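Read through the structure below, which is laid out as structure tokens, and then see the notes.
The values are calculated or read from the model by the stated rules, or taken from the named source; none is laboratory data. Quick caveat, the model's predicted, so the values are computed rather than measured. With ideal geometry, Cβ positions are generated from the backbone for all residues, glycine too; neighbour counts draw on all protein chains shown.
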Amino acid sequence: MSKNILSWSLLVLLSFIWGSSFILMKRGMTALDGTPIFTHTQVAALRMAIASTALLPFTIMAFKKIKNLKKFLLFFIIGMTANFMPAFLFTYAETEVSSGFAGMLNSFTPIFTVIISVLIFGQKMKPIQVFGTFVAITGSVLLMFSGYNISFTGSWSHILAIVLATLFYGISMNLIKFKLSDFKPMEVTALCYGSFIVPAYFVLFASGTHEVIQSSPKAIEGLFFISILALVGTAFSGIIFNKLIANSTTIFSSSVTYFIPIVAIFIGFLIGENINMNQVGSMAIIIIGVFTVNFFSSKKDINFIKLLKKSRS
């Protein structure tokens, strides 16, 4: 399979997995009959603890490649910005934001990814790619506002929580691409999750999760959805995403966040949320922008190659 076909296949797969993650977060907090189960903090802690535990054998095997404390701290920073902190920010936001709207807000990730990639790491973009990015972002903003009046009931802090999470995503994606080229995708995923396994379990017990499991009749239902979220939507998808970053560019990899809202909205539609023609039109604009950015992408990332050669010299 060519790199291009593989990259697009991984992109589509991730879109479906992450697009469904928002409703899984909701189901971890609230049962199908509307009964509250776990708090937003407990859902995030369970998600991180289960995922990091599942990857622990791979973390142990990959740990031998860490030569110094500086490299470990880099994995810790990436783990925190790519997984740990966004998990808590998103579950907090979803206490007042619908799953579809959360997916829409996630489309801000490419904005931060491009800004950091261009300004800090010197990645070049062709004028047509800049235009395509602008088109996709415009579609994301239109999509966001088209669902605002039916998808949001909280304060601006819930929206800003997701925006902050997307900033963290932009930071981590660039660090993985430009600083961890000598690690395999599986190793990157395992070491990132292994770096925060202790904080994850600390929050898990400090938040009283074990008490809910013992007392709530809906705890098993909540754990079922959270386990799917942790194992498939977090650990497995993390491996796929790191493979995508290694196989393509940060700009292409961040394109997944343009498709996530489409999946999230359609899932919301299937469970009873409304969808209108403005949202359909906005999604069409997003797809056009994504194809424009990536169709005209250069076949090799010159700046990344220079950094790679320099690191090996």
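Pairing residues of the stretch 12-37 that are closer than 14 Å to Y92 by Cα and in contact (Cβ under 8 Å) with a residue 24 or more places away in the chain with residues that are buried (at least 21 other Cβ atoms within 10 Å of the Cβ) and charged (D, E, K, R), at Cβ distances under 7 Å and at least 6 apart in sequence or on separate chains, gives F22/E94; M25/E94; K26/E94.
Checked across the stretch 232-248, the condition of being more than 30 Å from I120 (Cα to Cα) and touching a helix residue (DSSP H, G or I) at 6+ places or on another chain (Cβ under 8 Å) holds for at least one residue. Looking only at residues of the stretch 152-167 that are assigned to a helix (DSSP H, G or I) and more than 18 Å from Y258 (Cβ to Cβ), we find that the one that is modelled with the lowest pLDDT is W156.
Results for (1) more than 30 Å from A284 (Cα to Cα); (2) aromatic (F, W, Y); (3) modelled with pLDDT under 85, shown as yes or no for each residue.
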position: K67; (1), (2), (3): yes, no, yes
position: K71; (1), (2), (3): yes, no, no
position: I78; (1), (2), (3): yes, no, no
position: E94; (1), (2), (3): no, no, no
position: F101; (1), (2), (3): no, yes, yes
position: N106; (1), (2), (3): no, no, yes
position: T109; (1), (2), (3): no, no, yes
position: I116; (1), (2), (3): no, no, no
position: Q123; (1), (2), (3): no, no, yes
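Consider the stretch 168-212 and keep the residues that are under 17 Å from I120 (Cα atoms) and among the charged types (D, E, K, R). The one that is modelled with the highest pLDDT is K179. If only one of S255, S282 is at pLDDT below 75, crowded, with 24+ Cβ neighbours inside 10 Å and in contact with a helix residue (DSSP H, G or I) (Cβ under 9 Å, 6 or more places away or on another chain), which one is it? Just a single option satisfies the conditions, and that option is S255.
Restricting to the stretch 127-151, what's the tally of residues that are among the β-branched types (V, I, T) and at pLDDT below 75? Quick ask: steps written out before the conclusion?
At the first step, the residues of the stretch 127-151 found to be among the β-branched types (V, I, T) are 128, 130, 133, 135, 137-138, 141, 150.
With the extra rule that they be at pLDDT below 75, the set shrinks to 150.
The qualifying residues number 1.
Among the residues making up the stretch 160-219, a single one is touching a residue at least 24 places away in the same chain (Cβ under 8 Å), aromatic (F, W, Y) and surrounded by fewer than 19 Cβ atoms within 10 Å (Cβ to Cβ): Y201. Tell me, yes or no, whether the stretch 57-65 has at least one residue that is surrounded by fewer than 20 Cβ atoms within 10 Å (Cβ to Cβ), hydrophobic (A, V, I, L, M, F, W, C) and under 22 Å from the mean Cα position of the chain (by Cα). Yes: one or more hits. Helices (runs of 4 or more DSSP H) fully within the stretch 201-281 that include at least 1 residues being over 24 Å from S99 (Cα atoms) and of a type outside the set (K, R): 209-215, 237-247, 250-254.
Pairs linking a residue in the stretch 112-125 that is in contact (Cβ under 8 Å) with a residue 60 or more places away in the chain and closer than 16 Å to I137 by Cα to a residue that is charged (D, E, K, R) and not in a helix (DSSP H, G or I), with Cβ atoms under 7 Å and 6 or more positions apart or on different chains, do not occur.
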